[in-house]
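The values are calculated or read from the model by the stated rules, or taken from the named source; none is laboratory data. All values reported here derive from a predicted model rather than from experimental measurement. Cβ atoms come from the backbone with ideal geometry, glycine included; neighbour counts cover every protein chain shown. To get the accessible areas, we keep the full protein, side chains included, count just its heavy atoms, and leave off ligands, DNA and RNA. Shrake-Rupley method; radii C 1.70, N 1.55, O 1.52, S 1.80 Å.
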Amino acid sequence: MKRSTVDYAWWDDTYDFAQNHDFEFIESNFRDSTFQNLDLNLVIISDIDNNLLYCKIRDNMTASLQADICGEIVSNSLNWNLTGESPAVSGLLLVNGQPMMIAATPILTSEIAGPAVGRLMFGIYLDSQEVAALKKMSNVDFSINVLGSLQAVEPLLLNSKSPLLVENNEFNISAYGLLNDLNSNPAFILQVNRPRIAYQQGAWVETISIAFSIVIIAIFSASIFFVLEHKIIRPMNKLAASVGDIPFQSKRVSKGKFESDEIVILSDAVSNTVNSKMDAMLDVSSMVAHDLRNPLAGIRNANYVLKKNYSKVLGEKGNAMLSTIDDCVLYSNKIVNDLLDYSSKIKLDRVRVEVSELVKNSLGMFVSPEGVEVSLDILEGASIFVDPEKVERVFCNLIKNAFDAMPGGGRLVVSARRAGGFVVVKFVDSGVGMSEETLRRLWQPFFTTKAKGMGIGLPTCKRIIEAHGGRLEVKSVLNKGTVFEVYLPVAG
Ligand code: ADP
């Protein structure tokens, strides 16, 4: 636009018009097509004395309003730096409430010679179309706002007089700056909008960092948990379970894939301590049992003498008391013998013997309790090489336990069969059965659920059978019944 202004202003025809006011010049040079071709909205020509020679504003406004506006622009242009040969000045002016780009040039001859005889001004509204074209050219997203239209930032801008940055949201930011018009008065606010790429990248990096940190922390925690679980917690639980389940000989925690040496050492220490304590306890039990044997025999003998010599004198009540003393001594004797059996070394006097004979002898020692039916299914001709007295003690213990488990009656089936190199004697009762807890603690010495039980019957049975090179197994279902299986090697 500036160049067009210069083209028209430094031209002899314009130079003549500024002096002669011959309107033929206007009619032939400033037709509507001129405005359209140059995209102009305003043309002003004034003479050297600032008289308005020609004014046209392509806008819907009256001729008198056009004249007023043009007159004001011309009078203001006195302050513009427009000396004789200076090229065009340009800038923004508020025209009819809209920003307009104005270029003004002194009128000279075609040879660019003076003196200047007037001024020529062209103007183009900076409307949305024009702004869009400028945005495209400059690749900058901006808008020109008339002062008074941006209340949010205007007071700050006017106070500080320096550009202002405002974060609109996480996606874009705006910069605001005051623009002076051609008269050097603040008249417009330039707003430039920018996407917050750096901020978004920063936010993205932050999100990635947080996610990364979470993953690292999760992996770290999982590793710590894994190490704790496998190196400490599991072995400790295993150790605790082993300590809780200690039978006659405490078990050592086997060194698994993940268990540390420390845990195995600890397990050994616990195992050794428990075993030595158990040994000491059995020694004491054995000593006490030995020492009680003689006084018990003394009481029994004295009772026998009393019964024999004084039963008539003592009367019915006295004799009943003597019988009670006898029963108690018998019961104490059984406890003493059990304790001695359990705590002493097992010596076997082996002989070849028929299994059926041992089972029948054992059953013969009991009178079946009321309501209990006993049946036999014994394989004849199966001989074993065992200490008959000790094996019978085992069978008696299992039969007695079965009878105890059927207080309301039931059925006991004793059978024997061959299985591989063993003869298996099976005791199946339909009694009360055992809970998981009872099954777990069954082989522990002194574990009993009976009021008058000692809890060393089964551990002793196990020792005796294992001393023969056999094994003792149990299966039980609570409220259904129990099966004990005695495996004894067949005689060679
Ligand atoms: P005691 O007979 O002195 O209790 P044992 O070592 O022989 O000692 O038995 C231990 C415990 O095992 C018994 O108290 C009982 O709870 C359980 N038990 C043994 N045999 C049976 C069985 N056949 N049926 C149910 N429980 C049994």
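Side notes on the structure shown:
- Dipole magnitude for the chain: about 6060 debye, using +1 per Lys or Arg Cβ and -1 per Asp or Glu Cβ, origin at the Cα centre.
- Taking every C-alpha pair closer than 8 Å and separated by at least 6 residues, the mean separation divided by the residue count of segment 1-96 gives a relative contact order of 22 percent.
- Debye intensity ratio in log₁₀ form over the Cα atoms of segment 368-492, taken at each q of 0.23 Å⁻¹: -1.49
- Quarter of the Cα convex hull surface for the chain, i.e. its orientation-mean projected area (nm²): 54.2
- Cα pair distances of segment 384-432 binned at 5 Å [whole percent]: 5, 19, 23, 23, 16, 10, 4, 1
- If the segment from Leu266 to Ile346 were pulled out straight at 0.36 nm per residue, it would be longer than the present Cα-Cα gap by 25.7 nm.
- For segment 402-471, the share of alpha carbon pairs falling in successive 10 Å distance bins from zero is 17, 40, 37, 5 percent.
- Residues of the chain: accessible area per residue with a 1.4 Å probe, Å²: 57
- Straight Cα distances below 16 angstrom link Lys277 to the lysines Lys251, with same-chain residues fewer than 8 positions distant left out.
- Residue order for Thr448, Thr105 - accessible surface, 1.4 angstrom probe, largest first: Thr448, Thr105
- Which listed pairs, of Lys345/Lys462; Lys238/Lys475; Lys360/Lys475, have C-alpha distances above 21 Å, in listed order: Lys238/Lys475; Lys360/Lys475
- Rough spin-label spacing in nm, given labels placed 7 Å along Cα→Cβ, for Leu190 and Asn29: 3.3
- Whole-number percent relative contact order across segment 53-110, with pairs defined as alpha carbons under 8 Å at least 6 apart: 24
- At the residue level, Arg411 shows approximately 110 square angstrom of accessible surface with a 1.4 angstrom probe and all protein chains present.
- Under the simplified labelling scheme, the Asn275-Gln36 pair shows an inter-label distance of 11.6 nm, with each label point 7 Å from Cα along Cα→Cβ.
- For Glu24, the solvent-accessible surface with a 1.4 Å probe is about 130 Å², rounded to the nearest 10.
- Computed lengthening from Met365 to Asn51, 0.36 nm per intervening residue step minus Cα-Cα distance: 98.0 nm
- Peptides 96-103, 331-338 ordered by average Cβ neighbours within 10 Å, highest first: 96-103, 331-338
- Peptides 311-317, 466-472 ranked from most to least packed, by the mean per-residue count of other Cβ atoms within 10 Å: 466-472, 311-317.
- Semi-axis lengths (Å, descending) of the ellipsoid that matches the C-alpha gyration tensor of segment 262-324: 50, 11, 4
- Within the same chain, lysines fewer than 8 places from Lys136 are excluded, and of the rest, those with a Cα less than 22 Å from its Cα are Lys2.
- Distance between modelled label sites at Ser213 and Asn180, nm, 7 Å Cα→Cβ extension: 5.0
- Rolling a 1.4 Å probe over the protein heavy atoms of segment 328-449, with every protein chain left in place, gives an accessible area that is 52 percent carbon and sulfur.
- Surface composition of segment 21-114: carbon plus sulfur atoms hold 46% of the accessible area, using a 1.4 angstrom probe and ignoring ligands, DNA and RNA.
- Accessible area of Arg119 in the full protein assembly, 1.4 Å probe (Å², nearest 10): 40
- Computed over Cα pairs, the Kirkwood radius of segment 120-234 leads via Stokes-Einstein (1.306 mPa s, 10 °C) to a diffusion coefficient of 85 µm² per second.
- The largest-to-smallest principal axis extents of the Cα set in segment 11-111 are 37, 30, 24 Å.
- When Lys238, Lys452, Lys426 are compared by accessible area at a 1.4 angstrom probe, the order from most to least is Lys452, Lys238, Lys426.
- Per residue, the convex hull spanned by the Cα atoms of segment 132-183 amounts to 113 cubic angstrom.
- Relative contact order computed over the chain (Cα-Cα under 8 Å; 6+ residues apart), in percent: 8
- Difference of contour (0.36 nm per residue) and Cα-Cα distance, Arg411 to Asp59: 114.7 nm
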